[in-house]
Amino acid sequence: MLKKIIITLYVITALFLMGFTPQNNQNNSQEEPTEMTWEVLANISKSMRVMANYSNTIKESLHGKKIKISGYVIPIDSKSYVLSKNMYSHCFFCSTNAGIETIMGIQFKNKPPRLKTDTFITLEGTFFYNDKNKDGWTFYVQNAVITNKK
């Protein structure tokens, strides 16, 4: 009799605790964005100079992945912007210490908002590595959405 009571209590306790087990939501197909840093882009840029076919490695590991990155806004014209590691006075266009790894083109998911120069923002979007169009940016954030603005 004592054995049946212990087994029953064990089963009830197990069922009770299973109610607190986190469930995997299989309907949630959105992936968490990878935190992209400017140091990663600098390493990519240095590696591109060393290995001619590094672009294939970039495409396989980062291209098309959802990322999150922060930086300063630099307007290019009335409708397009870039995200920069540095403020405008130290940016890719103005400084001798900056290179392609310090700037990313932004392609917003919706209509681009009006942003002032040097506004610090965090973007989430899809990383795009451009090795085809020599007139475009080397790195892009496509379908970009601003998640934080200072």
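Derivation of every value follows stated rules applied to the coordinates shown; laboratory data play no part. These numbers come from a predicted model, not from an experiment. Every residue, glycine among them, receives a Cβ derived from its backbone with ideal geometry; neighbour counts consider all protein chains shown.
Treating r as the C-beta distance of Ser78 and Lys132 and R0 as 30 Å, the FRET efficiency rounds to 0.70. Our estimate of slack between Leu115 and Tyr88, defined as 0.36 nm per intervening residue step minus the Cα-Cα distance, is 8.4 nm.
Taken along the Cα-to-beta-carbon direction at a fixed 7 Å, the label points for Leu2 and Asn43 span 6.1 nm.
Listed by chain and number, the aspartates and glutamates placed with their C-alpha closer than 19 angstrom to that of Lys65 are Glu31, Glu32, Glu35, Glu39, Glu101, Glu124, Asp131; residues fewer than eight positions away on the same chain are left out.
Our coupling estimate for the stretch 67-78, obtained by passing each phi through the Karplus curve with A = 6.51, B = -1.76, C = 1.60 and θ = phi - 60°, is 10, 10, 8, 10, x, 9, 7, 10, x, 9, 8, 5 Hz, Gly and Pro reported as x.
Annotation for the stretch 96-133: trypsin sites (Lys or Arg not before Pro) lying in DSSP loop with at most 12 further Cβ atoms inside 10 Å of their Cβ are Arg114, Lys116, Lys132.
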